[in-house]
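The structure appears below as structure tokens.
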Amino acid sequence: MKKEQRRDPAIKDLLETEILEAIIRKAQVCHMAMVDGDKPYVLGFNFGYVPGAIYLHSGMRGKKFDVIAQNPNVAVYFDVDHRLFARNHEVGCSWRMAYRSVLAHGKACLVENFDEKVMALNLIMKQYSDKDDYVFGKPAVNNVAIIRIDVHEMTGRSFEY
């Protein structure tokens, strides 16, 4: 008979869109998990976000494009507010890392449309600055890859918050 494990009461599910989006906006990096045949493949990215879509930028080459072409299903993970603490400094298992996180599932595709690429680049820049609108030269836009993840599901979790 399998013993049922109790869930740590410090873990809280986050479902409110406003809270999930606040975590995403606070994040500095996201990690996209892909399926490469029968193996997981994960990469970190800078990103931009609008409700329903996550935009990533990349160089024009790389394994990720082959992986996405074979299976566009991805998961994107964001985490923030890391805080290490101990309930008892002498007991190793009492040390914990508080955090808040978001996990988004969706389908990835390569953006080819020039105007959408510019919009995505502005979203990415806005994630890291206070400015809303930047100028991008045509050669720069044409020489960057933009991956859009159309988000189908998004959940969050907090631990010790």
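Since every read-out is calculated from the coordinates, none of them should be taken as a lab result. The structure presented is a predicted model; accordingly, all values stated were derived computationally and were not measured. Cβ: placed from backbone, ideal geometry, glycine included. Neighbour counts: every protein chain shown.
Got a sec? Which of D38, D8, D13 is acidic (D, E), farther than 29 Å from E160 by Cα and surrounded by fewer than 15 Cβ atoms within 10 Å (Cβ to Cβ)? Spell out the reasoning first.
Numbers: D8 fails: farther than 29 Å from E160 by Cα; D13 fails: farther than 29 Å from E160 by Cα.
Within the list D38, D8, D13, the selection yields D38.
For A22, indicate whether it is out of contact with any Ser or Thr (no Cβ under 8 Å at 6 or more places or on another chain), farther than 23 Å from K126 by Cα, surrounded by 10 or more Cβ atoms within 10 Å (Cβ to Cβ) and among the aliphatic types (A, V, I, L, M). So A22 fails the test.
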